[in-house]
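What follows is a set of notes on a single structure, which appears directly below.
The values are calculated or read from the model by the stated rules, or taken from the named source; none is laboratory data. Owing to the predicted nature of the structure, the values given are computational and were not obtained by experimental measurement. Cβ placement follows ideal geometry from the backbone for every residue including glycine, while neighbour counts extend to all protein chains displayed. Note: areas computed on protein heavy atoms with side chains; ligands, DNA, RNA excluded. Shrake-Rupley method; radii C 1.70, N 1.55, O 1.52, S 1.80 Å.
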Amino acid sequence: MLDPWTADAFDYEKLVKQFGIKNFQDELVKIKNPNRLMRRGVIFGHRDFNNISNLINKNEPFAVVTGMMPSGQIHIGHKMVVDQLIWYQNNGGKLSLPIADLEAYAARGISFEKGKQLAVNEYLTNYIALGLDIEKDVNIYLQSQNQILNDLSFRASMKANFSEMKAIYGFTPSTNLAHVNAPLSQVADILIPQLEEYGGPINTVVPVGIDQDPHLRLTRDITSKLHEEFGFLTPSSTYHRFITGLTGGKMSSSKPKTAIYLNDETKDAVKKLKSAKTGGRESLQEQKELGGKPEECVIFELLVYHLIEDDEKLKEIKEECLSGTLLCGDCKNRTCQLLEDFLDDLHDKQIESREIAQTILD
């Protein structure tokens, strides 16, 4: 069972086979100017992305939907979503960014007031500070305050039943009905850009982590059932790997020791990183003789995902690590400096971004 709310560790190859997800590398050659996450295999799977790549290559319009559930602090792992949104925006994508406060309330018990506060101070502030242009035809809304969403969610609910919801999400007789209904709001979120009010049917891509695939499977099924009435086109999706937490395992907003929060003081974030798990050998001599293990290193992964844009520079670091000429202490110190520079710049931008974010949902 793939669960959007509690999943922690993932066997990506197994999930690709189990749920019929296609390998993204097969699609990569068709994309002009693929972004860093695509080139490096962080985005590893897709459903019907060829529909989107064809439109990008022809400079034709498409929609992009990815929600934010305001249930905790935003960490550096979330940055990969923003990086994708910026790339899509620069390639003609029309963005729709629902704030899933209904889901946060139903699944996590987050009040609507708290959800709005988190959406503004954590998510929207940092999305803007990271470079997202919210004035460039972006639809941002709270689920709880969008009547169009609620109407479409109701229509979607008529095309689903409890047996299907149980099969996809593992719901039990004791699951509260608000939680059962929350995925139908997600369906509506994904389909909203195709309503006549927003321009009518349009190819849509949803970039998400693999844990969100249940929502895509439900949406794609319901879309086919609503096609005759609304003319909806089946949405596409891409799936990215999760960045490893500082202690190993998944980076989590609810586990401070695993995460670098974007609102962390720079010195606190650097201190966390200095104690992070590396791919080093047990002894210095063994490291020099056998080389490091970058595929098991949190530090190297941070460079892959976020801190180094130049592929050749990244390749050079990896080769130095594998040869044993680059030691973990030196690599960690370099990465700490890159993180410090990144966060100092981000924090400067947050001041103005927070003022802008506070006006969006008023």
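The test for being surrounded by 21 or more Cβ atoms within 10 Å (Cβ to Cβ), β-branched (V, I, T), under 17 Å from the mean Cα position of the chain (by Cα) and modelled with pLDDT of 95 or more holds for I76. Tell me yes or no: at least one residue of the range 72-92 is out of contact with any Leu (no Cβ under 6 Å at 6 or more places or on another chain), in a loop (DSSP other than H, G, I, E, B) and closer than 17 Å to S252 by Cα. Taking every residue of the range 72-92 in turn, at least one turns out to be out of contact with any Leu (no Cβ under 6 Å at 6 or more places or on another chain), in a loop (DSSP other than H, G, I, E, B) and closer than 17 Å to S252 by Cα. Within the range 239-288, if we keep just the residues that are under 30 Å from H46 (Cβ atoms) and among the hydrophobic types (A, V, I, L, M, F, W, C), the residue that is most open to solvent (accessible area, probe 1.4 Å) turns out to be F242.
For the structure I just gave you, tell me whether A129 is buried (at least 18 other Cβ atoms within 10 Å of the Cβ) and closer than 24 Å to G231 by Cβ. Considered against the rule, which asks whether it is buried (at least 18 other Cβ atoms within 10 Å of the Cβ) and closer than 24 Å to G231 by Cβ, A129 comes out as no.
Just for the range 37-65: of the residues that are in a loop (DSSP other than H, G, I, E, B) and open to solvent by 10 Å² or more (accessible area, probe 1.4 Å), which one is nearest to E312 (Cα to Cα)? Give the derivation first.
To start, the set of residues in the range 37-65 that are in a loop (DSSP other than H, G, I, E, B) comprises 40-42, 48-49, 58-61.
Still in the running and open to solvent by 10 Å² or more (accessible area, probe 1.4 Å): 40-41, 48, 58-61.
Details: R40: 12, G41: 15, D48: 30, K58: 29, N59: 29, E60: 32, P61: 32 Å.
Restricting to residues being in a loop (DSSP other than H, G, I, E, B) and open to solvent by 10 Å² or more (accessible area, probe 1.4 Å), the top hit is R40.
So which residues in the range 195-215 are open to solvent by 10 Å² or more (accessible area, probe 1.4 Å) and either among the hydrophobic types (A, V, I, L, M, F, W, C) or assigned to a helix (DSSP H, G or I) (or both), if there are any at all? Scanning the range 195-215 gives L195, E196, E197, Y198, I202, V208, D211, Q212. Inspection of the range 140-152 finds no residue satisfying the criterion of being within 24 Å of the chain's Cα centre (by Cα), open to solvent by less than 10 Å² (accessible area, probe 1.4 Å), under 30 Å from K332 (Cα atoms) and modelled with pLDDT of 95 or more.
Any idea which residue in the range 1-36 is farthest from W87 (Cα to Cα), counting only those that are in a loop (DSSP other than H, G, I, E, B) and aliphatic (A, V, I, L, M)? Give the steps one after another, and end with the answer.
Of the range 1-36, the ones in a loop (DSSP other than H, G, I, E, B) are 1-11, 20-21, 24, 29-35.
In the following step, the residues that additionally are aliphatic (A, V, I, L, M) were identified as 1-2, 7, 9, 21, 29, 31.
Numbers: M1: 32, L2: 28, A7: 27, A9: 28, I21: 22, V29: 17, I31: 12 Å.
Of everything passing the filter in the range 1-36, M1 is farthest from W87 (Cα to Cα).
Looking across E301, E312, one residue alone is closer than 21 Å to G41 by Cα, part of a helix (DSSP H, G or I), open to solvent by 30 Å² or more (accessible area, probe 1.4 Å) and in contact with a strand residue (DSSP E or B) (Cβ under 6 Å, 6 or more places away or on another chain). It is E301. Condition check: open to solvent by 10 Å² or more (accessible area, probe 1.4 Å) and either in a helix (DSSP H, G or I) or under 30 Å from D345 (Cα atoms) (or both). Does I192 satisfy that? The answer is no for I192.
In this structure, L338 does not satisfy being in a loop (DSSP other than H, G, I, E, B), open to solvent by less than 70 Å² (accessible area, probe 1.4 Å) and not hydroxyl-bearing (S, T, Y).
Restricting the first member to the range 101-124 and to residues that are of a type in the set (F, W, Y), and the second to residues that are crowded, with 21+ Cβ neighbours inside 10 Å and not in a helix (DSSP H, G or I), the beta-carbon pairs closer than 8 Å and six or more apart or on different chains are Y123/M68; Y123/P70; Y123/I74; Y123/I99. Here D11 meets the list (1) open to solvent by 80 Å² or more (accessible area, probe 1.4 Å); (2) within 20 Å of D211 (Cβ to Cβ); (3) in contact (Cβ under 8 Å) with a residue 40 or more places away in the chain almost entirely, failing just condition (3).
Could you go through the range 239-253 and let me know if any residue there is over 24 Å from Y12 (Cα atoms) and without any contact (Cβ under 8 Å) to a residue 60 or more places away in the chain. Reasoning before the result, please.
Taking the range 239-253 as the starting set, the residues that turn out to be over 24 Å from Y12 (Cα atoms) are none.
The answer is no; no qualifying residue exists.
Going by the conditions given, is T238 at pLDDT 90 or above and part of a strand (DSSP E or B)?
Working: at pLDDT 90 or above: yes; part of a strand (DSSP E or B): yes.
Yes.
Contact map, the range 158-182: residues that are under 15 Å from P4 (Cβ atoms) and of a type outside the set (S, T, Y) paired with residues that are assigned to a loop (DSSP other than H, G, I, E, B) and open to solvent by 40 Å² or more (accessible area, probe 1.4 Å), Cβ distance under 7 Å, separation 6+ or inter-chain. Pairs shown: G170/M1.
Restricting to the range 148-164, and then to whatever is in a helix (DSSP H, G or I) and either among the basic types (K, R) or in contact with a helix residue (DSSP H, G or I) (Cβ under 6 Å, 6 or more places away or on another chain) (or both), can you tell me which residue is farthest from P193 (Cα to Cα)? Checking each candidate, the answer is S157.
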